[in-house]
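Next up is a structure, given as structure tokens.
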Amino acid sequence: MIVGKYKKVQGFTLIELLITVTIIAVLASLAAPSFAVFIKQDRLTTSANHLSAVYKFARSEAVKRVETITLTQDENSWLVQATRNGVVVTLKRFEPLHESIDVGLVERIVRSTGELNLASNILVTDKDNSTTDLRLCILQSGQSWVDKAVNNCA
């Protein structure tokens, strides 16, 4: 009589698959809240860096054109403007990247030398305690950097 060979079955059982999916679901539910804070902080950082780039554009335009440039904000845009023959001309309009971010931008005047009238700082916040607010710091010389708001450009 011939005895049949047993074939070893490879693969996962349904129980093993369910346990793996359950473990992954539990780990994902634990990681989701911290990931949301990470996304909020990244939005804040991106907005601060975008504002810094807009300021640097305004400064470079002032030096390049050898004229005073104004960086200001209208309802939902940041504007880089010049005054020519008494008429305000918008050189470039920048849209904020995230509507949930509040930027305390008031009019800043950049001279043709790249300097400002006064040292300045612009608060970038999302009014959420789980994130760290940022500040665009600008020296009177025109040099700028982004820092944590608690440091107050010191």
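The values are calculated or read from the model by the stated rules, or taken from the named source; none is laboratory data. Quick caveat, the model's predicted, so the values are computed rather than measured. All Cβ positions, glycine included, derive from the backbone under ideal geometry; neighbour counts span all protein chains shown.
(1) of a type outside the set (Ser, Thr, Tyr); (2) touching a residue at least 12 places away in the same chain (Cβ under 8 Å); (3) over 20 Å from LEU44 (Cα atoms): which one isn't true of VAL87, the others all being true?
(2)
For residues that are surrounded by 17 or more Cβ atoms within 10 Å (Cβ to Cβ) and of a type in the set (Val, Ile, Thr), scanning just the range 64-84, find the one that is nearest to LYS40 (Cα to Cα). Full working, then the answer.
Pass one, the range 64-84, residues surrounded by 17 or more Cβ atoms within 10 Å (Cβ to Cβ): 69-73, 78-82.
Then drop every residue that is not of a type in the set (Val, Ile, Thr), which leaves 69-70, 72, 80.
On the way: ILE69: 32, THR70: 30, THR72: 25, VAL80: 27 Å.
Checked the range 64-84; the qualifying residue nearest to LYS40 (Cα to Cα) is THR72.
Looking at this structure, is GLU67 in a helix (DSSP H, G or I), of a type in the set (D, E, K, R), modelled with pLDDT under 95 and under 16 Å from SER112 (Cα atoms)?
Numbers: in a helix (DSSP H, G or I): no; of a type in the set (D, E, K, R): yes; modelled with pLDDT under 95: yes; under 16 Å from SER112 (Cα atoms): yes.
Against the criterion (in a helix (DSSP H, G or I), of a type in the set (D, E, K, R), modelled with pLDDT under 95 and under 16 Å from SER112 (Cα atoms)), GLU67 does not qualify.
Taking the range 121-154 only, how many residues are at pLDDT below 90 and either within 17 Å of ALA53 (Cβ to Cβ) or not hydrophobic (A, V, I, L, M, F, W, C) (or both)?
Count: 6.
Considering only residues that are without any contact (Cβ under 8 Å) to a residue 24 or more places away in the chain and among the charged types (D, E, K, R), which ones fall in the range 92-128?
Restricting attention to the range 92-128, the residues satisfying the condition of being without any contact (Cβ under 8 Å) to a residue 24 or more places away in the chain are 93, 95, 99, 104, 117-118, 120.
Matches in the range 92-128: ARG93, GLU95, GLU99.
Just give me the residues in the range 40-53 being surrounded by 19 or more Cβ atoms within 10 Å (Cβ to Cβ) and over 8 Å from the mean Cα position of the chain (by Cα), in sequence order.
Correct list: LEU51, SER52.
On to the next question. PHE94 versus (1) touching a helix residue (DSSP H, G or I) at 6+ places or on another chain (Cβ under 6 Å); (2) crowded, with 18+ Cβ neighbours inside 10 Å: which is the lone unmet condition?
(2)
Return the residue satisfying two criteria in turn: it lies in the range 130-144 and is surrounded by fewer than 16 Cβ atoms within 10 Å (Cβ to Cβ) and either touching a residue at least 40 places away in the same chain (Cβ under 8 Å) or of a type in the set (Gly, Ala, Ser) (or both), and of such residues it is nearest to GLY114 (Cα to Cα). I'd like the intermediate steps shown before the answer.
So in the range 130-144, the residues surrounded by fewer than 16 Cβ atoms within 10 Å (Cβ to Cβ) come out as 130, 132, 139-141, 143.
This time we only want the ones that are either touching a residue at least 40 places away in the same chain (Cβ under 8 Å) or of a type in the set (Gly, Ala, Ser) (or both), so: 130, 132, 141.
Working: SER130: 36, THR132: 30, SER141: 7 Å.
Per the stated criteria, the residue is SER141.
Further, regarding this structure: Being under 16 Å from LEU123 (Cα atoms) and hydrophobic (A, V, I, L, M, F, W, C) narrows it down to one residue among ILE101, ILE39; which is it? Please lay out each step first, then the result.
Working: ILE39 fails: under 16 Å from LEU123 (Cα atoms).
After applying the criteria, what remains is ILE101.
Among (1) among the hydroxyl-bearing types (Ser, Thr, Tyr); (2) assigned to a strand (DSSP E or B); (3) out of contact with any strand residue (DSSP E or B) (no Cβ under 7 Å at 6 or more places or on another chain), there is one condition THR90 misses while meeting the rest; what is its number?
Of (1) among the hydroxyl-bearing types (Ser, Thr, Tyr); (2) assigned to a strand (DSSP E or B); (3) out of contact with any strand residue (DSSP E or B) (no Cβ under 7 Å at 6 or more places or on another chain), only one is false for THR90: (3).
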